[in-house]
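Step one of this worksheet: look at the structure below.
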Amino acid sequence: MLTTKPQLSDYKQKIDLVQFLETEGFTKDRRKSTRRWPVLENAEGRKLIIGNNQKTNEYFYYNPEDRRDRGTIVDYVIDKLHIDTATREGWQQLHEFIGRYTGDLSHLANSRSTGTVESQPPAEATRSKAISHYFRLDPLTNTDYLMEKRGLTIDTIGHRAFIGKIFNKTFVSKKTGETVINTVFPMESEQGITAILLKNDSPTGLVNGHTWGERLESIWVSNLPKGHQPKEMLICESPIDALSYHQLHPPEEPYDRVYVSTGGQPSSLQPLTVQRLIDRVKPEQVILGHDNDNSGIRFNIGWSGRLQLPGQSIEQANHQLSINHNKHSNILSIDVYGLPVEEAERKLHLESLQEKVLTTLNKGYTPDMNRATADAIMHQGNHSLLTIHLPNHRPMLTRIEKLSIKWRGLTDKLVVKRPFAKDWNEELQTQKANVERPQPTLRNTPSKATPQKLM
């Protein structure tokens, strides 16, 4: 029997977290659970993966859908009761709550049953490992969707940049019993795999295009070269587009290009992950390869208006652009930092900048047309904000795209590559169809009658 007051490590090591959570209303998902990684879920849909660290002997949990929801039994109770750990009363509250479950812990010291969580090495006790298990990803053995439906070749799919970056996952509909083999692209952040993007050609559309997990800051990224600095980094919306661009425009050397996909519209946090990746691999050039539509141009404006690349001056990096839109109009925000302290000089600089924007955007638009207009300039400390309203016209969007690249000193560092078709995969399939179309021959060339004069 324990005769001293239990320490926090006692709670973490000696309380079977699975059994504890079951008293908290969680039930084990038998289909997804294993001895190493039990998966539990409560009535509100909160999912927790449980593990045990072989080195510390502590139980821990991860939420596969929320990277902030993680920790030990101590973290769980602190979060549940909203305990203020800066006070003695808060810690007393924690001990009392756990004490009501455990008593003096003496009956738990050797209570682990044969059905408890299997311990694992510290290197394996990570959120990434837990999430990978949770998603149950299978090796890429079925390439029908990629090759037959998307026109990708085995050389592209098996390229060293993409090995281990594409998986399969089988899905069975509870309603229809249909079995669909999904093609899966894992979305990763510095925390590891936090979400997966599923693609398939199911006629019923089962989970096609669905992102499962927490995509917030995660991106799909190809294998990074070791000991080799890539010349380029391609940023696009879909991993399928990245693969298609590779097939259409292969790099000179296998590791000359890094491929990045946001899995759709970029989130507010994904640019931070991409920026850290750029700082790490230091590509000579960034290629924006988004769709050939207004949304794709807006994505290009967002990236070119925010990314910081080697060689930019401080003044250029301090001009940042972002754009929001609704059905008929756009709002362009230009953030300017580090301006002259003197108010008169700053005002003159900003008014000149605003005038240049409006002049460029409204070129060719007569006064009676829907033109770009400006709001009042706002200031706060060394930060000023210019807001421009403009119609949802492609010419204006492409002008902003060019302005953003030029103003921020990215002309030689960032380029926009647009497909002629809507996206890179559509362009790939169009080119493939043209190649496979029978070429005219003497036998199948339609003959044209030559006019003759009648006698």
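The values are calculated or read from the model by the stated rules, or taken from the named source; none is laboratory data. Bear in mind that the values here come from a model prediction, so they are computed numbers and not experimental data. For neighbour counting, all protein chains shown are included, and Cβ atoms are generated from backbone atoms with ideal geometry for every residue, glycine included.
Taking the stated definitions as given, is I154 surrounded by 12 or more Cβ atoms within 10 Å (Cβ to Cβ) and either at pLDDT 90 or above or within 24 Å of I50 (Cβ to Cβ) (or both)? Talk me through it step by step, then tell me what you get.
Numbers: surrounded by 12 or more Cβ atoms within 10 Å (Cβ to Cβ): no; either at pLDDT 90 or above or within 24 Å of I50 (Cβ to Cβ) (or both): yes.
No: the conditions fail for I154.
Taking the stated definitions as given, is K47 of a type outside the set (A, V, I, L, M, F, W, C) and modelled with pLDDT under 85? Full working, then the answer.
On the way: of a type outside the set (A, V, I, L, M, F, W, C): yes; modelled with pLDDT under 85: no.
For K47, the condition - of a type outside the set (A, V, I, L, M, F, W, C) and modelled with pLDDT under 85 - is not met.
Regarding K417, is this residue out of contact with any strand residue (DSSP E or B) (no Cβ under 8 Å at 6 or more places or on another chain) and either closer than 18 Å to G296 by Cβ or surrounded by fewer than 18 Cβ atoms within 10 Å (Cβ to Cβ) (or both)? Lay out the reasoning, then the answer.
Values: out of contact with any strand residue (DSSP E or B) (no Cβ under 8 Å at 6 or more places or on another chain): no; either closer than 18 Å to G296 by Cβ or surrounded by fewer than 18 Cβ atoms within 10 Å (Cβ to Cβ) (or both): yes.
Against the criterion (out of contact with any strand residue (DSSP E or B) (no Cβ under 8 Å at 6 or more places or on another chain) and either closer than 18 Å to G296 by Cβ or surrounded by fewer than 18 Cβ atoms within 10 Å (Cβ to Cβ) (or both)), K417 does not qualify.
Tally up the residues in segment 7-33 that are of a type in the set (S, T, N, Q) and under 28 Å from the mean Cα position of the chain (by Cα), please. Full working, then the answer.
Filtering segment 7-33 for residues of a type in the set (S, T, N, Q) gives 7, 9, 13, 19, 23, 27, 33.
Checking which are under 28 Å from the mean Cα position of the chain (by Cα) leaves us with 33.
Number of matching residues: 1.
In segment 387-401, what residues are surrounded by fewer than 21 Cβ atoms within 10 Å (Cβ to Cβ), without any contact (Cβ under 8 Å) to a residue 60 or more places away in the chain and either within 21 Å of A376 (Cα to Cα) or among the hydroxyl-bearing types (S, T, Y) (or both)?
Answer for segment 387-401, where residues must be surrounded by fewer than 21 Cβ atoms within 10 Å (Cβ to Cβ), without any contact (Cβ under 8 Å) to a residue 60 or more places away in the chain and either within 21 Å of A376 (Cα to Cα) or among the hydroxyl-bearing types (S, T, Y) (or both): just T387.
Going through segment 27-36 one residue at a time, which ones are over 13 Å from Y59 (Cβ atoms) and in contact (Cβ under 8 Å) with a residue 60 or more places away in the chain?
Let us first name the residues in segment 27-36 that are over 13 Å from Y59 (Cβ atoms), namely 27-35.
Hits for segment 27-36 are K32, T34, R35.
Hey, among the residues in segment 243-258 that are under 26 Å from Y145 (Cβ atoms) and surrounded by fewer than 19 Cβ atoms within 10 Å (Cβ to Cβ), which one's modelled with the lowest pLDDT?
Of the residues in segment 243-258, the ones under 26 Å from Y145 (Cβ atoms) are 243-251, 254, 257-258.
Filter again for surrounded by fewer than 19 Cβ atoms within 10 Å (Cβ to Cβ), leaving 248-251, 254.
Numbers: L248: 97, H249: 97, P250: 96, P251: 94, P254: 83.
Here the answer is P254.
If you go through segment 82-96 one residue at a time, do you hit one that is modelled with pLDDT of 75 or more, of a type in the set (S, T, Y), buried (at least 16 other Cβ atoms within 10 Å of the Cβ) and over 18 Å from D16 (Cβ atoms)?
Looking only at segment 82-96, we keep the residues that are modelled with pLDDT of 75 or more, and these are 82-96.
Now narrow it down to the ones that are of a type in the set (S, T, Y): 85, 87.
Next cut, buried (at least 16 other Cβ atoms within 10 Å of the Cβ) only: none.
Within segment 82-96, not a single residue is modelled with pLDDT of 75 or more, of a type in the set (S, T, Y), buried (at least 16 other Cβ atoms within 10 Å of the Cβ) and over 18 Å from D16 (Cβ atoms).
If the Cβ limit is 7 Å and pairs must be 6+ apart or interchain, which residue in segment 73-91 that is within 20 Å of E24 (Cβ to Cβ) pairs with which residue that is acidic (D, E)?
Between residues of segment 73-91 that are within 20 Å of E24 (Cβ to Cβ) and residues that are acidic (D, E), the close pairs are G90/D84.
What are the residue pairs meeting all of these: first residue in segment 319-336, first residue within 16 Å of Q265 (Cα to Cα), second residue surrounded by 15 or more Cβ atoms within 10 Å (Cβ to Cβ) and of a type in the set (D, E), Cβ atoms under 8 Å, and 6 or more apart or on different chains?
As it stands, the answer is S322/D335, since those pairs meet every condition given.
Taking the stated definitions as given, is K169 among the basic types (K, R) and either assigned to a strand (DSSP E or B) or at pLDDT 85 or above (or both)? Full working, then the answer.
Working: among the basic types (K, R): yes; either assigned to a strand (DSSP E or B) or at pLDDT 85 or above (or both): yes.
Judged against the criteria, K169 is a match.
Go through segment 294-321 residue by residue and tally those that are surrounded by fewer than 17 Cβ atoms within 10 Å (Cβ to Cβ) and closer than 13 Å to E401 by Cβ.
2
Cβ-Cβ distance below 7 Å, separation of 6 or more or different chains: which pairs start in segment 223-242 with a residue that is without any contact (Cβ under 8 Å) to a residue 60 or more places away in the chain and end on one that is of a type in the set (K, R) and surrounded by fewer than 21 Cβ atoms within 10 Å (Cβ to Cβ)?
Partner pairs satisfying both residue conditions: Q229/K282.
Need at least 3 residues that are within 29 Å of the chain's Cα centre (by Cα) and at pLDDT 85 or above per element, so show me which helices (runs of 4 or more DSSP H) inside segment 314-409 make the cut, counting only ones lying wholly within it.
Details: elements: 314-317, 343-361, 394-407.
Per the criteria, 394-407.
Anything in segment 259-290 that is out of contact with any helix residue (DSSP H, G or I) (no Cβ under 8 Å at 6 or more places or on another chain), within 24 Å of K422 (Cα to Cα) and surrounded by fewer than 21 Cβ atoms within 10 Å (Cβ to Cβ)? List them, or say none.
Matches in segment 259-290: G264, S267, Q285, I287.
Does any residue of segment 336-344 turn out to be among the charged types (D, E, K, R) and under 20 Å from M378 (Cβ atoms)?
Of all residues in segment 336-344, those among the charged types (D, E, K, R) come to 342-343.
With the extra rule that they be under 20 Å from M378 (Cβ atoms), the set shrinks to 342-343.
Checked against the condition, which is being among the charged types (D, E, K, R) and under 20 Å from M378 (Cβ atoms), segment 336-344 yields at least one hit.
For a quick check of your reading of the model, give me the residue pairs whose first member lies in segment 10-26 and is surrounded by 16 or more Cβ atoms within 10 Å (Cβ to Cβ), whose second is modelled with pLDDT under 90 and assigned to a helix (DSSP H, G or I), with beta-carbon atoms closer than 6 Å and at least 6 apart or on different chains.
Final answer for the pair search is Y11/I98.
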